[in-house]
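Have a look at the structure below, then the notes.
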Amino acid sequence: MGVSPRKAAAAALVSGGGLTVLTGASIGLVVAEAKLARKAIGRAEQIPPRADGLFGAHLAWAAERPLRFAMLGDSTAAGYGVELPQETPGALLAGALVAHTGRPVLLANLARVGARSDSLAEQVDGVLADEEHVPQLAAIMIGANDITHRAPIAEAAAALGEAVERLRAAGCEVVVGTCPDLGTIRPVQPPLRWLARHWSRKLALLQSQAVTAAGGCSVPIGALLGPEFASRAELFGPDRFHPSAEGYATAVSALLPTLASAAWRLTPRTAIGLAVVESPQVPPEASAPAAVPPAALDAVPSAVPSADPADVAPVEAADVPEGGTIPLVRPAPAHPGFPRPSLTDR
């Protein structure tokens, strides 16, 4: 992680870091620590495993199209450092969405190792290229490379906001995991660690503001998980910078509630393991029973005792859905013989 003297001097005040003024000697120390940290972490050269495709195929049937889900961002979103496709954040989130919505999920991961916020425009171009298959739901994890490459944080947040705005204009729900707390990176030592934490928090705040203004939802990954990552070395991979498989699972657990909530807004008629089916419409004239003479009713003995009116709950108008029919609920089909949609199904 390189830090220029200009950046170090600009961060003369760091909240909670115990650093109030950076002297010339301190600036030199920060620059030296940045070089050592970069050497210890090394370059990201591996290619993350791909997990794109259909999740929950056993739930696919003719009347249930897959939920189209896109993963965008940097190496954290791509799952750098894990060995198996199912350990990547995209796969973990897609599998969880299947369980939460009861419908198949079609994942497309366009995240790239080393991506910064200004790279999101290209990724959004990719997911919006086919107007017939625009994602309905997107998760973005971005920000760490903006800090390590000393990008102006206001411009980085603005680029993220523009990406979210474009996705929202296309009808896509967007959830953003904001910049992680880089003060938890073990190869980074004080005072550089204090500066990294300060810059991370400042970028995360600006990201949250930009995402909200663009109509998306933000999850403060650094604030939620910073203390846990700082105390648990096993959450980091071998380079001690990128998360391990357990670290990715921990980050996914923070994103999932907001992402699942967004998915439910898209699929209000589905539930966990259930599919809602409308009862058939019956013409009013066919539903009215024929009149029965009072004398005939008196001649029929009652086999069921009369109910106490106080024990009978009234049917409220709000309980009857539009159209006057009461929905029936049945288990969603899970037989492998049901038709499976193609990857281009909406």
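What follows is calculated from the coordinates using simple rules that are stated; it is not laboratory data. Quick caveat: nothing in here was measured; it's all calculated off a predicted structure. Cβ placement follows ideal geometry from the backbone for every residue including glycine, while neighbour counts extend to all protein chains displayed.
Most tightly packed first, judged by the mean number of other beta-carbon atoms within 10 Å of their residues, the peptides 169-178, 141-150, 121-130, 214-223 read 141-150, 169-178, 214-223, 121-130. Of the residues PRO152, LEU107, ALA223, the one whose Cα sits farthest towards the positive end of the charge dipole of region 46-270 is ALA223 (charges of +1 on Lys and Arg Cβ, -1 on Asp and Glu Cβ, taken about the Cα centre). Phi angles across region 69-80 convert, under the Karplus curve 6.51 cos²θ - 1.76 cosθ + 1.60 with θ = phi - 60°, into 3J(HN,Hα) values of 10, 10, 10, 10, x, 9, 4, 5, 5, 6, x, 4 Hz, Gly and Pro given as x.
Look at the alpha carbon pairs under 8 Å that are at least 6 residues apart: their mean separation over the length of region 46-270 gives a relative contact order of 21 percent. When Rg and the Kirkwood radius Rh are both evaluated on Cα atoms of region 81-227, their ratio Rg/Rh stands at 0.98.
Net charge dipole, region 46-270: roughly 520 debye, given to the nearest 20, about the Cα centre with Cβ charges of +1 for Lys and Arg and -1 for Asp and Glu.
Sort region 138-185 into rounded, prolate or oblate with this rule: let a ≥ b ≥ c be the square roots of the eigenvalues of the Cα gyration tensor; rounded if a/c is under 1.5, and if a/c is not under 1.5, prolate when a/b is larger than b/c, oblate otherwise. The shape class here is oblate. Can you give me the long-range amide H partners of GLY114? Hydrogens built in the peptide plane at 1.01 Å from N, cutoff under 5 Å, separation of 5 or more residues or another chain. Residues meeting the criterion, in which the H sits 1.01 Å from N, are SER75. Taking the Cα centre of region 140-224 as reference, the dipole from Cβ charges on Lys and Arg (+1) and Asp and Glu (-1) amounts to some 340 debye.
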